[in-house]
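The values are calculated or read from the model by the stated rules, or taken from the named source; none is laboratory data. These figures come from a predicted structure and were not determined experimentally. Here the Cβ positions follow ideal geometry from the backbone for every residue, glycine too, while neighbour counts run over all protein chains shown.
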Ligand SMILES: C[S@@+](CC[C@H](N)C(=O)[O-])C[C@H]1O[C@@H](n2cnc3c(N)ncnc32)[C@H](O)[C@@H]1O
């Protein structure tokens, strides 16, 4: 017969904080009790409900073994929404919100079309669709499994008008032209040691690495942009902090105009933009 008293939620948190980051522990305990994090503050001294201590211990062990919190809980916040994520999708990053802001700023004032190439969980496409119900949004990915997650996110967010299509970069667009192409493609160098460290070990390699210099996908995106943009339309691509000059050269070499790199909140090069010729005619 066990004489151990039921631990309080606070005691569980304190115990976990010796094994994993305290913020991660709070996310995982909220997940274990199936309540929002705020609830934990009001109920810190409550005894843990039946089964929670065991469930939480399993979650903490997974995190201690390196698994990202988002894959353990199955959700990640992005653009104020909750996105389902699985090991088939990249975990959306806060810096990608900069790409969303820029995409919104480069859409026509009314209507227009946007393609999010390599949509993963659907983060970029669905954030834009949420802000601009008047824009026709197409989201593509090479991974059918990732697209299934993105479609489920669209459904959950009430954005089922967003279209999804599977295929290699521009293939799903066929002869369709759009006003804005936005992409956060894989851009890490294939031999980068970070791929074997931390959370990156758990994310899909096809979402992360792109050839020896990390620029294979961006080369394809730059080369194909003019054939898939309306005159004066914009290509916006997220990339690594040290790739700005190389990406600008690729954009200029592909005949794009007004090429520039925007920085993220930490003042690092993050998104390069370029415009298809014909802006004057497009107005
Ligand atoms: C860095 S992840 C970005 C995911 C999502 N857009 C985000 O920002 O969270 C890159 C995405 O590109 C997709 N991808 C990789 N190669 C591709 C290809 N050849 N054609 C289309 N998508 C591709 C991956 O499956 C992955 O979902």
Check your understanding: Where residues in region 108-122 are over 18 Å from residue 93 (Cα atoms) and crowded, with 24+ Cβ neighbours inside 10 Å, which of them is farthest from the ligand (Cβ to nearest atom)?
Key -> 114
Study note, to complete from the structure: Picking from 51, 74, the residue that is without any contact (Cβ under 8 Å) to a residue 12 or more places away in the chain and on the phi > 0 side of the Ramachandran plot would be 51
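Just for region 194-223: of the residues that are touching a residue at least 60 places away in the same chain (Cβ under 8 Å) and in contact with a strand residue (DSSP E or B) (Cβ under 6 Å, 6 or more places away or on another chain), which one is farthest from the ligand (Cβ to nearest atom)?
Among residues in region 194-223 that are touching a residue at least 60 places away in the same chain (Cβ under 8 Å) and in contact with a strand residue (DSSP E or B) (Cβ under 6 Å, 6 or more places away or on another chain), the one farthest from the ligand (Cβ to nearest atom) is 221.
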Revision key, fill the gap. Within region 144-161, of all residues that are free of Cβ contacts under 8 Å to residues at least 60 places away in the same chain and outside any helix (DSSP H, G or I), the one surrounded by the most Cβ atoms within 10 Å (Cβ to Cβ) is 159
Check your understanding: Of the conditions (1) away from the ligand (no atom under 11 Å from the Cβ); (2) part of a loop (DSSP other than H, G, I, E, B); (3) under 20 Å from residue 245 (Cα atoms), residue 185 fails just one. Which one is it?
Key -> (1)
Study note, to complete from the structure: Scanning region 133-175 for residues that are at pLDDT below 95 and closer than 19 Å to residue 227 by Cα, the one farthest from the ligand (Cβ to nearest atom) turns out to be 175
Practice item. Go through (1) over 17 Å from the mean Cα position of the chain (by Cα); (2) not in a loop (DSSP other than H, G, I, E, B) one by one and return the number of the condition residue 217 breaks. Key: (1)
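Test residue 125 against the stated conditions and say whether it is within 13 Å of the ligand (Cβ to nearest atom), over 26 Å from residue 230 (Cα atoms) and touching a residue at least 24 places away in the same chain (Cβ under 8 Å). If you could, list the steps in order and put the result at the bottom.
Details: within 13 Å of the ligand (Cβ to nearest atom): yes; over 26 Å from residue 230 (Cα atoms): no; touching a residue at least 24 places away in the same chain (Cβ under 8 Å): yes.
So residue 125 does not fit the description; no.
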